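The values are calculated or read from the model by the stated rules, or taken from the named source; none is laboratory data. As the structure is a prediction and not an experimental result, all values here were calculated from the model. Cβ atoms come from the backbone with ideal geometry, glycine included; neighbour counts cover every protein chain shown. The area values use the complete protein model at the heavy-atom level, side chains included, leaving out ligands, DNA and RNA. Shrake-Rupley method; radii C 1.70, N 1.55, O 1.52, S 1.80 Å.
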Amino acid sequence: MTSQIDYQGASAEAIQSHYDRGNDFYALWLDPTRSYSCALWQGPDDTLRAAQERKLDHLATGARVRGAGRVLDVGCGWGGMMRRLVDTHDVSEVVGLTLANEQAAHIATFADARYDVRVQNWVDHAPGARDGKAPYDAIVSIGAFEHFADFGLARAGRVAAYRRFFDSCAEWLPPGGRLALQTNVKGNNVKLDRKTVKDLLFICDQIFPESELPWVSEIFEASERRFDLVSARNDADHYARTCQEWHDNLVANRAAAVAMVGEQRVADYERYLRASVDGFRNRHLGLVRIVFERT
Ligand SMILES: C[S@@+](CC[C@H](N)C(=O)[O-])C[C@H]1O[C@@H](n2cnc3c(N)ncnc32)[C@H](O)[C@@H]1O
């Protein structure tokens, strides 16, 4: 529950209804880094793990984290990026925010003093001062922005919610500090058939309640006067391939998954992952990786 009355994103309850479904269930079909976001693929023989690590490095490098004192991960999931920052990019301290209790419990199984995981909405985050420096040297956020605007908000409401996020990030970074953001977006193929409409409604109602994707233009509008654009790419096909792998892993481990969460939930996830593959292939959905620099 957030203390900010004007917060317009998904509630903690809505987030927990998706992510607090058992860490072992998600481990059955995610890769060992437990990345629950689009990978960055290279070539036909690539593996899901290698593609996820490449994604983490791509965003970490874009955010210029190497040797940083303190980095924030907004929507840290099961801590894959936090771990990568500490182990591979020599970051001294990483703060991760999630709304899911089970994710925080998983991070606690490997965290030492360099990790600070908080079950906290970014809206309520108060990082505190740091020896006269800005609170963070860099910020990353992967696959969380999708939850920052409630389903059904008008464009102006979504942009206002996103602007507040960019305002906070700008406040927490020094001039020249970078924010690496990866998020699903609405795709520009707006010709919807009946099956697609039904699948999208199913995903909004049953899989990711209280969440609606941004248009790319809304992200840029909300970041105006706060951040310069460094780079942006749309990797929709990469998310189609990622969702296909997750789907295939889930099917391969179906009996164990049913034993953990029941037949109905497994069937729901199979449908959601299949529909996502189609959505990214058909360009009803997009996947952007954007690096911003604080002005
Ligand atoms: C799809 S998961 C992505 C996790 C991770 N970044 C990854 O790539 O594997 C979305 C994450 O965003 C977090 N999240 C969603 N809304 C949030 C908010 N308002 N404040 C903090 N975390 C949030 C969820 O708790 C979850 O950890």
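In this structure, residue 244 and residue 131 have a Cβ-Cβ separation that, at R0 = 41 Å, corresponds to a calculated FRET efficiency of about 0.30. Computed over region 4-78, relative contact order equals 22 percent, with contacts defined as Cα pairs under 8 Å that lie 6+ residues apart. When both region 256-295 and region 65-85 are represented by their alpha-carbon centers, they are found 23 Å apart. Find how many whole Å separate the alpha carbon centroid of region 34-53 from the alpha carbon centroid of region 123-175. Region 123-175 and region 34-53 have Cα centres spaced 27 Å from each other.
Once you sort the root eigenvalues of the Cα gyration tensor of region 1-72 as a ≥ b ≥ c, which label holds: rounded (a/c under 1.5), prolate (a/b larger than b/c) or oblate (the other case)? Oblate shape, in that a/c is at least 1.5 and b/c is the bigger or equal ratio. For the chain, adding -39500 (n - 2.57) for each run of n ≥ 4 DSSP H residues and dividing by the number of residues yields -13000 deg cm²/dmol at 222 nm.
Per residue, region 12-294 exposes an accessible area of 41 Å² to a 1.4 Å probe, with every protein chain left in place. Mean-square fluctuation check for the chain, GNM, Cα pairs under 10 Å: which of 134, 259, 222 is largest? Maximum fluctuation in the GNM of the chain, among the listed residues, is at 259.
Length available on full extension from residue 90 to residue 155: 0.36 nm per residue minus the Cα-Cα distance, which gives 19.4 nm.
A Förster radius of 22 Å combined with the Cβ-Cβ distance from residue 258 to residue 205 puts the calculated FRET efficiency at roughly 0.50. Pairing the Cα long axis of helix 48-62 with the longest principal axis of the chain, what angle in degrees results, from 0 to 90 and rounded to the nearest 10? Compared with the principal axis, the helix lies near 30 degrees.
The fraction of accessible area contributed by carbon and sulfur in region 12-294 is 49 percent, rounded to a whole number (1.4 Å probe; ligands and nucleic acids excluded). Taking every C-alpha pair closer than 8 Å and separated by at least 6 residues, the mean separation divided by the residue count of region 100-239 gives a relative contact order of 29 percent. Mean sequence separation of contacting Cα pairs (under 8 Å, at least six apart), scaled by the length of the chain, corresponds to a relative contact order of 23 percent.
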